Amino acid sequence: MVTLTVSLDSLDFDNAIANGLRQLSDLTPLMQNIGTVLETSVSERFEKGEGPGGIAWPISHRAREFGGKTLVDSTRLRDSIVTEADSQSARIGTNVPYAPTHQFGAFIEPKAAGDDATAKLAFTLPNGQFIMVDQVEIPARPFLGFDDKDETDIVDTVEAYLREVFA
């Protein structure tokens, strides 16, 4: 009879587990990786003109009339997406003041002095046309969010991280 005996000691199992647990005591690197996955997802949404779950954004007046893509006229909003990560979480977001208007939608009305019902919003369009209107509705065009693809990508990221930690 031939026998092969393998013990956890011979595989340096204790050291591998101890090393892995040390690395898992601070999950900031993993959370930063997850933030990067989500930033990539947001970037793809701007490229495709769609929100979480692949729901197409309503095309903006500017993009429809003058060309270009919705929400990327200056690229300021798209380029402002950043990640903050710590050992417990990853957060992505933007500090651009008009981001909530595009994420959630809004009605914009003129600020009138007193009860002036004749107040109007005034705009000059990219073609030079001047217009005045009572209000403007900006539809929601969510760019931040979490969908099934994000979940799959995050699971893959966690699995890859754990494989690296315990390699």
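A few comments on the model shown:
- Taking amide H as placed 1.01 Å from N in the peptide plane, Glu50 has its amide H under 5 Å from the amide H of Trp57, each at least 5 places away in sequence or on another chain.
- The alpha-carbon of Lys149 sits under 19 angstrom from the alpha-carbons of these lysines, leaving out residues fewer than 8 places away in its chain: Lys48.
- Contact order relative to length of the chain, as percent, for alpha carbon pairs under 8 angstrom and 6 or more apart: 28 percent
- Positive dipole terminus of the chain, leading residue within Ser74, Pro126, Ser60 (C-beta point charges): Pro126
- According to the Kirkwood relation over distinct C-alpha pairs, the hydrodynamic radius of the range 65-167 is 17.8 Å.
- Sequence-distant lysines (8 or more away, or on other chains) whose Cα lies within less than 23 Å of Lys111: Lys120
- Projected over all directions and averaged, the alpha-carbon convex hull of the range 16-88 occupies 6.3 nm².
Only the coordinates and a few stated rules stand behind these numbers; no lab work does. Note that the coordinates shown come from a computational prediction; the quantities given were computed from them, not determined experimentally. All Cβ positions, even for glycine, are placed from backbone atoms using ideal geometry, and neighbour counts span all protein chains on display.
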